[in-house]
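Enquirer: Below you'll find the structure I mean.
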Amino acid sequence: MSLFWRIFGLNAVVLGTATALLLWAPVTVSVPVVLTEAIILVGGLVVMLVANAALLRWGLAPLERLTKLMTTVDLLRPGQRLPVPAGGEVAELIRTFNAMLDRLEHERATSSARALLAQEAERRRIAQELHDEVGQSMTAILLALKRAADEAPPPLRDELQQAQEITRDSLDEVRRLVRRLRPGVLDDLGLISALTSLTSEFATHTGLRVVRRFDADLPPLEPETELVLYRVAQESLTNVARHADAKRVEVSLRRTDGAVELAIVDDGRGIRAAREGAGIRGMRERALLIGAALDIAPAPAAGTRVRLTAPVPRKQP
């Protein structure tokens, strides 16, 4: 039934009922109208308006659900759909809207994938230039300072050695930036070694206690999946250091039915703000890149739990 005939039918039911009551009810209208008759007429009008409003609310309920979904839908949380009624214009409208969401989610995932892949390529290029150009130049400066300090008189030697320490610290910082931009251990030794190195460096710089729980029998993963898991863990640990005010962090990676689950749980003050920042939205975009599900919620005891469930491709027969 079309929306027009649905509304027309509802109004016809109300008006037909009112007409039937006027025809068979023992009520007459005098001229001029007396108070009792006016009260009866006004009461009947109120009943008709209430009945009409209730029936219209019931008839337009699918449109209200569609409007609510339009205002709350988030392309970074795919899968939000409305059930399609039996038929009519409303059903066609909801079916078209669901199809539009399918198309938009696919286009968003495709564009996000292109942007993230370009971002990773740029990270790799910058990391390579920092390692080859800046790192080698600072190493050469460090060696030159060492030779100069060995040949300099004592007063100048102390200053050269101090400059040598500053240069060494700067070189270590450059190497740390290179590892953050592009974790070479991820390409060379795999995800477990990369997460171990990441958490060890995090514990050293922040002083937090980090507990690692990694399954030994993880299935083979695609390079994109390993990179997304690593980046989500990296961003989650960064958020813990900046906002959580925690003392302990647990990082686990385990195998589930047809998927691999990464979980980062801290004992800090927990997530409170409803509005997500750029870091969390970046994690959601990375999750869409591999078709993973990202869940960020308060931990059972205290703090925040970040859980990423990444599907594992099935083996070809």
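Enquirer: Rounded to the nearest 0.05, what FRET efficiency is calculated for E159 and V134 with R0 set to 25 Å and r the Cβ-Cβ distance?
Expert: Computed FRET efficiency for E159 and V134 comes out at 0.60.
Enquirer: Considering the dipole of the range 184-311 built from charges on the beta carbon (Lys and Arg +1, Asp and Glu -1) around the Cα centre, which of L308, S236, A287 is farthest to its positive end?
Expert: About the Cα centre, the residue reaching furthest to the positive side is S236.
Enquirer: With all pairs of different alpha carbon atoms counted, what Kirkwood hydrodynamic radius in Å does the range 115-181 show?
Expert: 13.2 Å
Enquirer: Still on this model: Placing unit charges on C-beta atoms (Lys and Arg positive, Asp and Glu negative, everything else neutral), compute the dipole magnitude of the range 98-237 about its Cα centre in debye, rounded to 20.
Expert: 200 debye
Enquirer: Additional query: Where both residues lie in the chain, what percent of DSSP beta bridges are antiparallel, nearest 5?
Expert: 80 percent
Enquirer: With the full set of protein chains in place, find how many percent of the accessible area of the chain is carbon and sulfur; take the probe as 1.4 Å.
Expert: About 60 percent, which is the carbon plus sulfur part of the accessible surface.
Enquirer: On to the next question. If I model a spin label at A302 and K68 as a point 7 Å from the Cα along the Cα→Cβ vector, what separation in nanometres do I get?
Expert: Output for this residue pair reads 3.6 nm.
Enquirer: Describe numerically, in nm with one decimal, the distance between label points set 7 Å from Cα along Cα→Cβ at T238 and at L56.
Expert: Going from the T238 label point to the L56 one covers 5.3 nm.
Enquirer: Using the Karplus curve 6.51 cos²θ - 1.76 cosθ + 1.60 with θ = phi - 60°, what ³J(HN,Hα) values do you get for each residue of the range 101-109, in whole Hz, with x for Gly and Pro?
Expert: 5, 4, 5, 5, 5, 5, 5, 5, 5
Enquirer: In addition: Please find the FRET efficiency linking R124 to T204, where r is the Cβ-Cβ separation and R0 is fixed at 22 Å, and quote it to the nearest 0.05.
Expert: So, using R0 = 22 Å, E works out to roughly 0.35.
Enquirer: With Kirkwood's inverse mean 1/r over C-alpha pairs for Rh, give me the Rg to Rh ratio of the range 52-162, two decimals please.
Expert: With Rh from the inverse mean 1/r over Cα pairs, Rg/Rh is 1.59.
Enquirer: Continuing with the same structure: Could you report the chain's accessible area per residue, 1.4 Å probe, as an integer in Å²?
Expert: Averaged over the residues of the chain, the accessible area is 62 Å².
Enquirer: If you filter the range 210-313 for trypsin sites (Lys or Arg not before Pro), then keep DSSP loop positions with at most 15 other Cβ within 10 Å, what is left?
Expert: Qualifying residues, ordered by number: K247, R269, R272, R275.
Enquirer: Dividing the alpha-carbon Rg of the chain by 2.2 N^0.38 Å yields what?
Expert: 1.69
The values are calculated or read from the model by the stated rules, or taken from the named source; none is laboratory data. Quick caveat: nothing in here was measured; it's all calculated off a predicted structure. Methodologically, a virtual Cβ is constructed for each residue, glycine included, from the backbone with ideal geometry; neighbour enumeration extends over all protein chains shown. The accessibility values were calculated without ligands, DNA or RNA, using every heavy atom of the protein model including side chains. Shrake-Rupley method; radii C 1.70, N 1.55, O 1.52, S 1.80 Å.
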